[in-house]
Amino acid sequence: MFGNLKPLPQDKILQLMSMYREDPREQKIDLGVGVYKNAEGVTPVMRAVKAAEQRLWQDETTKSYTALAGEPAYRDAMAALILGEGHDASRVAGAATPGGTGAIHMALELIQMAAPDATVWLSNPTWPNHPSILNHLGMKSAEYRYFDPETRGVDFEGMIADLGRVAPGDVLLLHGCCHNPTGANLNLTQWEEVAAELKKVGAVPLIDLAYQGFGDGLEADAAATRLVASRLPEVMIAASCSKNFGIYRERTGILLALTEDGAARDVTQGTLAHLNRQNFSFPPDHGARLVTMILTDPELRADWQAELEEMRTGMLALREQLADELRTLTGSDRFGFLAQHRGMFSRLGATPEQVVELREKHGIYMVGDSRLNIAGLNKDSVSVLAKAIAEVGV
Ligand code: PMP
């Protein structure tokens, strides 16, 4: 049996990680893998998470199974975080999933059950796991234009033109904030236009929300999702707690499905529980429980928000420093987009050869499409990176 298996190509980011580890140079910089790092290069356990874990260790009396869709309190707390305190809960079905990836996987399975002929539209480019899971599930997909390599902003005209090709019942996958890999995002006026277009066509948005709190703040980063939720009868939201709670390995995510009415909500809720049952029975609980504790305890929540805000503003300061240093070094404003982009990532716009040169000559590791992780920098390494970018002539 196993002899029939063909070796699969190694994940490019993981490949890059092992190259970085094997590089003996002291002044190497890892801008590859997509995890937040502080100025010391550490991905910390957040204070509120530690405190919640301590409480949980003391208070938890059983580790028996929970509910198939996860604890309702987790769904409610996450729905409030994403959709706002006053959201209409009667429309919201939701299930805890193993990470944001699990939520995306479940959303696609839900689409397969409800609309097997739907095409899922992806931004070009997008997080590579999107097309990869779609292919794995044997689903139809298509691309819409998104990134303008000249301005390093959104090619909004191209995007809207491509939305004209979306058919009724198709699904459009959108990054709710902090687009990965480009860092380029729609403004709210543009979101409004996208929502109107989807409504006109009768297409359903699937919003991937993996970085709420990493861009312009917890509320601002949810604004686009809330706008879409208020304009369209049906919306799916695949959210991840990996980044904003720093609980990557706990595998904590949620799929929310906003339905047209309460009757559809109940059936959808049952379907989400069924999907969890088929895939792995009960979703992971530890991370979801920590998140619920943090979101519902005013003290823990305030501390979590404060630390998240430090992380966010720290990344913004690094963006501004990098853009400033490049302005000085190149005498031009062409890297201004680095300060405009939001989230951990920016697509620098370097050629594949320049990416290799940055790695081989300067020990700077970024993904082949020139995505760099801003959180991999600190005040000192920004200057090293800026000089290298200028020297390589990006
Ligand atoms: N969506 C996007 C765009 C991401 O970048 C990530 C994390 N790399 C995820 C979803 C899922 O993250 P996780 O499964 O680790 O929660």
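Can you report the number of residues in the range 200-217 which are among the hydroxyl-bearing types (Ser, Thr, Tyr) and either in a helix (DSSP H, G or I) or over 30 Å from residue 317 (Cα atoms) (or both)?
Count: 0.
Got a sec? Which of 308, 326, 290 is within 16 Å of the ligand (Cβ to nearest atom), in the same structural domain as residue 373 (by TED's automatic domain parsing) and not acidic (Asp, Glu)?
308
Any idea which of 164, 153, 138 is farther than 27 Å from residue 270 by Cβ, out of contact with any strand residue (DSSP E or B) (no Cβ under 9 Å at 6 or more places or on another chain) and at pLDDT 95 or above?
Just one listed residue meets the conditions, 164.
Report, by residue number, each residue of the range 21-63 that is under 20 Å from residue 315 (Cβ atoms), part of a helix (DSSP H, G or I) and not small (Gly, Ala, Ser).
Within the range 21-63, 47, 49 qualify.
From 197, 260, grab the single residue that is in contact with a helix residue (DSSP H, G or I) (Cβ under 7 Å, 6 or more places away or on another chain), more than 21 Å from residue 310 (Cβ to Cβ) and either part of a loop (DSSP other than H, G, I, E, B) or away from the ligand (no atom under 16 Å from the Cβ) (or both).
Being in contact with a helix residue (DSSP H, G or I) (Cβ under 7 Å, 6 or more places away or on another chain), more than 21 Å from residue 310 (Cβ to Cβ) and either part of a loop (DSSP other than H, G, I, E, B) or away from the ligand (no atom under 16 Å from the Cβ) (or both) holds for just one of 197, 260, which is 197.
Can you report the number of residues in the range 266-286 which are out of contact with any strand residue (DSSP E or B) (no Cβ under 9 Å at 6 or more places or on another chain) and either modelled with pLDDT under 95 or surrounded by 19 or more Cβ atoms within 10 Å (Cβ to Cβ) (or both)?
Going through the range 266-286 one residue at a time, the tally reaches 0.
I'd like the full set of residues that are modelled with pLDDT of 95 or more, within 16 Å of the ligand (Cβ to nearest atom) and of a type in the set (Val, Ile, Thr), limited to the range 1-34.
None - no residue of the range 1-34 is modelled with pLDDT of 95 or more, within 16 Å of the ligand (Cβ to nearest atom) and of a type in the set (Val, Ile, Thr), so the list stays empty.
Somewhere in the range 94-114, is a residue away from the ligand (no atom under 16 Å from the Cβ) and either part of a loop (DSSP other than H, G, I, E, B) or touching a helix residue (DSSP H, G or I) at 6+ places or on another chain (Cβ under 6 Å) (or both)?
Checking the range 94-114: not a single residue is away from the ligand (no atom under 16 Å from the Cβ) and either part of a loop (DSSP other than H, G, I, E, B) or touching a helix residue (DSSP H, G or I) at 6+ places or on another chain (Cβ under 6 Å) (or both).
Among the residues of the range 206-238, write down those that are touching a Ser or Thr at 6+ places or on another chain (Cβ under 9 Å) and within 16 Å of the ligand (Cβ to nearest atom).
Once the filter is applied, which keeps residues that are touching a Ser or Thr at 6+ places or on another chain (Cβ under 9 Å) and within 16 Å of the ligand (Cβ to nearest atom), the range 206-238 yields 207, 208, 209, 210, 211, 212, 237, 238.
How many residues does the range 211-250 contain that are more than 28 Å from residue 264 (Cβ to Cβ), crowded, with 19+ Cβ neighbours inside 10 Å and of a type in the set (Asp, Glu)?
Of the residues in the range 211-250, 1 are more than 28 Å from residue 264 (Cβ to Cβ), crowded, with 19+ Cβ neighbours inside 10 Å and of a type in the set (Asp, Glu).
Do you know which residues across the range 17-39 are among the charged types (D, E, K, R) and either in contact with a strand residue (DSSP E or B) (Cβ under 8 Å, 6 or more places away or on another chain) or touching a residue at least 60 places away in the same chain (Cβ under 8 Å) (or both)?
Result: 23, 25, 28, 30, 37.
Given the residues 195, 210, which is the only one that is under 21 Å from residue 99 (Cβ atoms), at pLDDT 95 or above and in the same structural domain as residue 247 (by TED's automatic domain parsing)?
None of the other options fit; the residue is 210.
Among 110, 122, 137, which is farther than 20 Å from residue 185 by Cβ and crowded, with 16+ Cβ neighbours inside 10 Å?
110
Please name all residue pairs, on different chains or six or more residues apart, with Cβ atoms under 7 Å, provided the first residue is in the range 308-335 and is under 26 Å from residue 36 (Cα atoms) and the second residue is surrounded by fewer than 16 Cβ atoms within 10 Å (Cβ to Cβ) and among the polar types (S, T, N, Q).
Between residues of the range 308-335 that are under 26 Å from residue 36 (Cα atoms) and residues that are surrounded by fewer than 16 Cβ atoms within 10 Å (Cβ to Cβ) and among the polar types (S, T, N, Q), the close pairs are 325/383.
Looking at the range 138-148, can you tell me whether even one residue there is of a type in the set (Asp, Glu), over 19 Å from residue 236 (Cβ atoms) and in a helix (DSSP H, G or I)?
Looking through the range 138-148, none of the residues is of a type in the set (Asp, Glu), over 19 Å from residue 236 (Cβ atoms) and in a helix (DSSP H, G or I).
The values are calculated or read from the model by the stated rules, or taken from the named source; none is laboratory data. It should be emphasised that the depicted structure is a prediction, and the values quoted were computed from it without experimental measurement. Quick reminder, even Gly has a Cβ in these numbers, built from the backbone with ideal geometry, and neighbours come from all protein chains shown.
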